[in-house]
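Reviewing the structure listed below.
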Ligand code: SF4
């Protein structure tokens, strides 16, 4: 397949085709991905989101990679749902350091009727600050999905994690079909979808390809596709998994870019363990979104000022949401970083 023809948006990928993409020589794959990327995006812009854990720990699900699962003893303190005001303060701070999207995550199987009014208030408040809003709250029913959309929720994050075939090895407390059902409610309510997966859980190449096929063959591609590298946390069943070859991780980003040419591909959890050269290669492969701020749910995120320095060295600018000139925006971010460096606000998300 030529690089040019690859940029057509498709929803009919086969396993053989996707494996052929993965198995190309590395340089051919990266050239193809970068070519596709440039057809749809400014190659020197990266979207920045901030993620805040609004309810941490004691999750009833048994996701084997997750320190927040109540099934494993990872020493994580469980917390109650954060106060709305605290969430809004964190969102204002995220905006001040240059984020355009504020993602709020709760460790729930699904939101309860008692918690929904607070969650809706958070969406309304964050939206009123001029930020895009994103939430991840677990399974939703149709009514909850519609209420979130009405409150102004822009994105719902609901990861498929891996292929349907491998899913049962990682999670037994919910099904793949339930995940797809929630994604379909989210689409029907008119919200954007953020959905991706994790590498390094012992999955095969077929499973990596299978995950991307599930995402790309949805009726509409998710607008945001987070690709995570497993962060091995002591106490979780995957703590001793083998490391992923960094080049295989880059290949995953490149194949995601080719298969979903108009989606933002997010270099997500695990970035802390990646050196700057690997992150630069990830951007070249088509990753154009990162989490930025003090914490990524419960795992450490590289410090925001380090990110900005890397952006500067690579000539990358944060993707704009407002009508500031680049210089004004960049200066505001740098100033805010100096002021906010010692802030404790984001430490509400427990380690
Ligand atoms: S990944 Fe989400 S659903 Fe799974 S255990 Fe962690 S918090 Fe719960």
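Bear in mind these aren't lab numbers, they're just calculated from the coordinates by the rules spelled out. This one's a predicted model, so the numbers in the text were calculated from it and none came from an experiment. All Cβ positions, even for glycine, are placed from backbone atoms using ideal geometry, and neighbour counts span all protein chains on display.
Structural remarks
- In a fully extended conformation the segment linking residue 20 and residue 178 would gain 53.9 nm over its present Cα-Cα distance, using 0.36 nm per residue.
- Residue-averaged 222 nm ellipticity for the chain, from DSSP H runs of 4+ at -39500 (n - 2.57), nearest 500: -12500 deg cm²/dmol
- Region 253-277 residues near the modelled residue 40 label - backbone nitrogen below 15 Å, point 7 Å along Cα→Cβ: 253-267
- Shape of the chain, Cα gyration tensor, a/c cut at 1.5: rounded
- Cα-projected label distance for residue 78 with residue 243, points at 7 Å along beta-carbon direction, nm: 3.5 nm
- Estimated FRET transfer efficiency when R0 is 41 angstrom, pair residue 277-residue 217 (beta carbons, to 0.05): 0.80
- In terms of the mean number of neighbouring beta-carbon atoms within 10 Å, the peptides 279-286, 33-40, 49-56 order highest first as 49-56, 279-286, 33-40.
- R0 of 30 Å, Cβ-Cβ distance residue 204-residue 319: FRET efficiency to nearest 0.05: 0.30
- Region 1-136: antiparallel DSSP beta bridges as a percent of all, rounded to 5: 0 percent
- Three-way shape label, region 86-218, alpha-carbon gyration tensor, a/c 1.5: prolate
- Take the Cα of residue 309, go 7 Å toward its beta carbon, and the backbone nitrogen atoms of region 89-108 under 19 Å from that spot belong to 97-98.
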